[in-house]
1. Among the residues of region 1-27 satisfying the criterion of being under 29 Å from residue 134 (Cα atoms), of a type in the set (S, T, N, Q) and not in a strand (DSSP E or B), which is modelled with the highest pLDDT?
2. Quick one: how many residues across region 140-161 are surrounded by fewer than 19 Cβ atoms within 10 Å (Cβ to Cβ), touching a residue at least 40 places away in the same chain (Cβ under 8 Å) and under 25 Å from residue 241 (Cα atoms)?
3. Just to be sure before I move on: is residue 137 among the aliphatic types (A, V, I, L, M), modelled with pLDDT under 95 and crowded, with 19+ Cβ neighbours inside 10 Å in the structure I sent?
4. Mind checking which residues of region 138-157 are touching a Leu at 6+ places or on another chain (Cβ under 7 Å) and under 12 Å from residue 220 (Cβ atoms)?
5. Could you tell me which residue of region 201-236 is surrounded by the fewest Cβ atoms within 10 Å (Cβ to Cβ), considering only residues that are in contact with a Phe, Trp or Tyr (Cβ under 8 Å, 6 or more places away or on another chain) and either assigned to a loop (DSSP other than H, G, I, E, B) or modelled with pLDDT under 95 (or both)?
6. Give the residues of region 237-260 that are of a type in the set (Ser, Thr, Tyr) and part of a helix (DSSP H, G or I), sorted by residue number.
7. Would you check which residues across region 162-177 are hydrophobic (A, V, I, L, M, F, W, C), surrounded by 23 or more Cβ atoms within 10 Å (Cβ to Cβ) and not in a loop (DSSP other than H, G, I, E, B) and list them?
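The values are calculated or read from the model by the stated rules, or taken from the named source; none is laboratory data. All figures in this text were calculated on a predicted structure; none of them were measured in a lab. Neighbour counts are summed over all protein chains in view; Cβ atoms, including those assigned to glycine, are modelled from backbone coordinates with ideal geometry.
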Amino acid sequence: MPIAIQDNPVIITISAEERARGVASQATILKAIVAIAEDGLVVLDNAIDLSHIDALNRRMVKEAEDLINRPTTHFNSPGNLSQVPPICADLMFEDVFANPFAAAIIEGMLGPHPEVRYLHGNTAMRGEERQDVHADLAWRHWHWPFGLVVNIMLIEADKTNGSTEVWLGTHRDTTLADHIAPDAGVIKPELLAKRRSVRPPIQPRIPKGGMIIRDLRLWHAGMPNGTDIPRCMMAMVHTPAWLGNKLLLTLPESVQPIIESWKGPVRYCAEYIDDKNFDHLALEFKYDMRGGLPKNERDKWEAKWIGEWGHKF
């Protein structure tokens with residue numbers, strides 16, 4: 001009979017010396033990569049200037065009130081809305097959008113020049129409903145890292161205000177067969193019961209400004225916020241350059257020189273438009289890490305996958 005394990009994610013505190021140099025130590029990179037490989041996620045603390053976090057949180061909380069009343073807003077579950085963070089010159093902080101410590105870890109796992117092709121977030125308002133346990137993908141996928149999401153908590157999060165439920169280690173052997181349907185991310189209930197007996201889910205406490213680097217394959221679920229304080233979280237999905245993803249961000253021209261001035265390995269793959277035509281709150285919810293393929297090309301992808309790799313995965 002398997003013995004149930006109750007544990008917490010690995011939290012790495014970036015040292016004062018690392019902060020001063022702006023460079024992650026070899027020990028930090030190694031510890032983080034091992035944690036992601038084994039658990040499916042790692043948390044970085046003390047990696048971001050908290051004044052930057054506070055500035056972003058103030059704006060996102062204010063804008064959430066606007067989003068709630070827009071008919072185009074995408075809700076992940078009742079009370080949990082998708083929310084693009086503010087994309088403007090005065091809030092494009094390099095230690096948030098291209099954090100050097102997270103970038104070094106991501107490059108170590110995905111290879112040179114990892115690409116950001118999804119920039120979003122979510123805000124949990126007061127509510128009682130949770131998400132189904134799911135993985136952030138609904139297509140045939142490889143059994144090695146091909147996508148890492150960086151979530152940034154803009155306030156401290158725990159069970160009371162909607163810290164994400166995570167099922168550590170589930171990324172290691174999951175496949176599309178674990179989902180309730182080929183086009184759904186939700187995991188089969190019987191597999192959840194089996195997994196719970198071995199390694200039950202947890203809702204970890206994440207400090208304000210904490211950076212969660214998570215493998216896209218990891219099972220997880222958004223949880224309700226039982227407080228009156230909105231819980232805002234940013235999300236940036238990184239994919240390897242070798243994947244050939246076609247998905248593009250839409251960003252205002254005013255931030256292009258800022259992004260292009262960043263010296264780290266992470267690249268933002270975007271089309272830049274005139275600022276007067278840009279409203280980050282009106283951006284369409286787009287998420288397709290298999291390659292950003294339009295719907296009429298997805299059958300071709302499926303056929304190619306089965307032909308080339310179907311016998312292995």
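1. The selected residue is 8.
2. Number of matching residues: 3.
3. For residue 137, the condition - among the aliphatic types (A, V, I, L, M), modelled with pLDDT under 95 and crowded, with 19+ Cβ neighbours inside 10 Å - is met.
4. Residue satisfying the conditions is 149 alone.
5. 201
6. Result: 254, single match.
7. 166
Every residue, every condition in (1) over 15 Å from the mean Cα position of the chain (by Cα); (2) at pLDDT 95 or above, yes or no:
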position: 73; (1), (2): yes, no
position: 160; (1), (2): yes, yes
position: 166; (1), (2): no, yes
position: 177; (1), (2): yes, no
